[in-house]
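What follows is a short report on a single structure.
Read-outs throughout are calculated quantities, based only on the coordinates presented, and are distinct from any laboratory measurement. Just so we're clear, the structure is a prediction, and the values are computed from it rather than from any experiment. We place every Cβ from the backbone using ideal geometry, glycine too, and count neighbours over all the protein chains shown.
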Amino acid sequence: MTQVGNSASSRDIAYVLHPYTNLERHKTVGPQVISKGKGIWVYDEDGKPYIEGMAGLWCTSLGFDEPRLVEAAMRQMQALPFYHVFNAKSHNPAIDLAERLIEMAPVPMSKIFFANSGSEANDSAIKMAWYYNNALGRPEKKKIISRMKAYHGVTIASASLTGLPANHRSFDLPIHRILHTDCPHHYRFAEEGESEEDFATRLAESLERLIEQEGPETIAAFFAEPVMGAGGVIVPPKTYFEKIQPILKKHDILFVADEVICGFGRTGNMFATETYKLQPDIITVAKALSSAYLPISALFINEKVAGPIYRQSGEIGTFGHGFTYSAHPVSAAVAVETLKIYEERDTVGHVRSVMRRFQDGLRAFADHPMVGEVRGIGLVAGVELSKDKATKTSFDAKDGVGMYLAARALEHGLIIRAIPGDTITFCPPLIITAKEIDELVARFGKALDDTAAWVAQKG
Ligand SMILES: Cc1ncc(COP(=O)(O)O)c(C=O)c1O
């Protein structure tokens, strides 16, 4: 894909620093330039179509050409392109969006705080938990528990919550007061013969041990993605949250549900909080909030947390947190329109009507000699490759088997992601049809067979 001269590729190599890219290798290989989108499809600069099997970055829920979102942005641009919500100023898109979110909240929530990204939302949630405990006169109750393989973002605090080596290594992270408990991946971490329920019990006991060792009076909050995304689409084992939540309650630890991927229909309910019967104190959302057409994220905060925060701000004289672009009116207007579309078109109903086909289509590969596990829920899934199914041995990272498969999928016109550990992830736009699901699955099958042939040939 490297081109010479003044092409987009050569200018890209010269000037763009790419996240999640091997920057040294990129200098010679160059980027794939995507130029337009339609429905679940995107097109590269040569006009080749691809099924966007990841909805970009788990986010473009309504596909790549929803005219109502474009019009909503234009209308707001013309009316009021910017205003803020600092110093008790406001504007209608912020008010409408907050009101709608509170109505939609899966558990009773009291306030909405706006930010621009999932990372900012999770950073803000940490700050809320700290401010809340200061308000309650508990200055030592500040540690946060996250989980190994979690992904909560890349700002300094949210990257610390993230439990993946690449986000810590060489960045001097995690910061202190962030702890990581077990990853709830049954296939990888259960003991021989251990049921999902027993595995969940063991993890809950391990969490409680950690809390007791550290001292419950030092732990402010527990963060969890209901379904872990970038860690490899890890669906919680049966009874996991049922067992974790009473422990948090017992030790007066806030529960923050990171629904940045799961929120707005991904798991077959509007929120995964419903899917897994969660009782979070704070929920963070982003991505599908605006179908990713513009950056916006939000925190739902319940009254238990909001009450003390308001009182503390009264004592201090201000609440000293917020971003210039918190509740940016154009982003907020697009989010309001996105939520209207979800309601009018019953997007969740659509997800429910196609998700079985999607899950079954991918699960059909479970018997493939190179597939260790197929997992997922709703319209999100992971296929973990395995060198030896019986022993669950992974391929050597340096063999790049997952990357090879993703490259073959690209050849077949399918964008999917290979994450470390050779899990191939799928998270298509929520508007995907049954026919498009069949096409996605067929293209993946070809890429998998190509990869098996390549592995066999390498010996
Ligand atoms: C569960 C989860 N939380 C937080 C984030 C961070 O969001 P952002 O990249 O918008 O900062 C992501 C991003 O993928 C995510 O998947």
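From Cα coordinates alone, what are the radius of gyration and Dmax values for the stretch 68-344 in angstrom?
When restricted to the Cα atoms of the stretch 68-344, Rg and Dmax are 18.7, 62 Å.
Quickly estimate the mean residue ellipticity at 222 nm for the chain, helices only: each DSSP H run with n ≥ 4 gives -39500 (n - 2.57), and the total goes over all residues, rounded to 500.
So the helix-based figure for the chain works out to -13000 deg cm²/dmol.
Under 5 Å between amide hydrogens, which residues at least 5 positions from His180 or on another chain qualify, with H placed 1.01 Å from N in the peptide plane?
Distant-sequence amide H within range of His180: Ser146.
Take peptides 310-320, 266-276, 328-338 and line them up by average Cβ neighbours within 10 Å, highest first, as a rough protection proxy.
Going by the mean number of other Cβ atoms within 10 Å, highest first, we get 328-338, 266-276, 310-320.
So for the stretch 68-344, averaging the separation of alpha carbon pairs under 8 Å that are six or more residues apart and normalising by length, what relative contact order in percent results?
Relative contact order here is 29 percent.
Could you tell me how far the Cα centroid of the stretch 289-303 sits from the Cα centroid of the stretch 365-388, in Å?
Result: 31 Å between the Cα centres.
Under 13 Å from the Cβ of Ala73, count the other residues' Cβ atoms, weight Lys and Arg +1, Asp and Glu -1, and hand me the total.
Here the count lands on -1.
Can you give the FRET efficiency to the nearest 0.05 for Lys249 and Thr393, using r as the Cβ-Cβ distance and R₀ = 45 Å?
For R0 = 45 Å, the calculated efficiency reads 0.70.
Within the set Lys111/Lys143; Lys38/Lys340; Lys89/Lys277; Lys243/Lys287, which residue pairs have Cα atoms separated by over 25 Å?
Lys89/Lys277; Lys243/Lys287
Would you kindly give the portion of the calculated P(r) for the stretch 354-459 that falls above 22 Å, as a percent of all Cα pairs?
Pairs farther apart than 22 Å: 23 percent.
Go ahead and collect, in residue order, the members of the stretch 103-122 whose backbone nitrogen is under 20 Å from a label point 7 Å along the Cα-Cβ direction of Asn87.
Flagged as within label range: 114.
Obtain the nm distance between the two label points defined at Ile156 and Thr239 by a simple spin-label model: each point lies 7 Å from its Cα along the Cα-to-C-beta direction.
Distance between label points: 4.3 nm.
If I model a spin label at Ser35 and Val107 as a point 7 Å from the Cα along the Cα→Cβ vector, what separation in nanometres do I get?
About 4.9 nm, to one decimal.
Net charge within 15 Å of Ile175 by Cβ-Cβ distance, Lys/Arg positive one each and Asp/Glu negative one each, not counting Ile175 itself?
+3
Of the peptides 183-191, 428-436, 19-27, how do they stack up when ordered by the mean number of other Cβ atoms within 10 Å, highest first?
Top of the packing list down: 428-436, 183-191, 19-27.
Please work out how much length the chain gains when fully extended from Met148 to Asp12, using 0.36 nm per residue of separation minus the C-alpha to C-alpha distance, in nm with one decimal.
Between Met148 and Asp12, full extension yields an extra 45.6 nm.
Are there trypsin sites (Lys or Arg not before Pro) in the stretch 85-115 that DSSP puts in a loop and that have at most 14 other Cβ atoms within 10 Å, and which ones?
Sparse-neighbourhood loop trypsin sites (Lys or Arg not before Pro): Lys89.
What's the percent breakdown of Cα-Cα distances in the stretch 216-326 across 5 Å bins, shortest bin first?
2, 10, 18, 21, 19, 14, 10, 5, 1, 0
List the aspartates and glutamates whose Cα sits under 18 Å from the Cα of Lys27, skipping any in the same chain fewer than 8 residues away.
Lys27 reaches Asp12.
Where does each of 145-152, 129-136 land if you order them by average Cβ count within 10 Å, highest first?
For the peptides 145-152, 129-136, the packing ranking is 145-152, 129-136.
Under the Karplus relation 6.51 cos²θ - 1.76 cosθ + 1.60, θ = phi - 60°, what is the ordered set of whole-Hz ³J(HN,Hα) values for the stretch 384-399, x standing for Gly and Pro?
Using θ = phi - 60°, the values come out as 8, 7, 8, 6, 9, 4, 5, 9, 6, 6, 8, 5, 5, 4, 6, 6 Hz.
Among Ser206, Ser158, which comes first, then next, by fewest other beta-carbon atoms within 10 Å?
Ser206, Ser158
At a Förster distance of 51 Å, what's the computed FRET efficiency of Glu24 paired with Tyr310, Cβ-Cβ distance as r, to 0.05?
0.55
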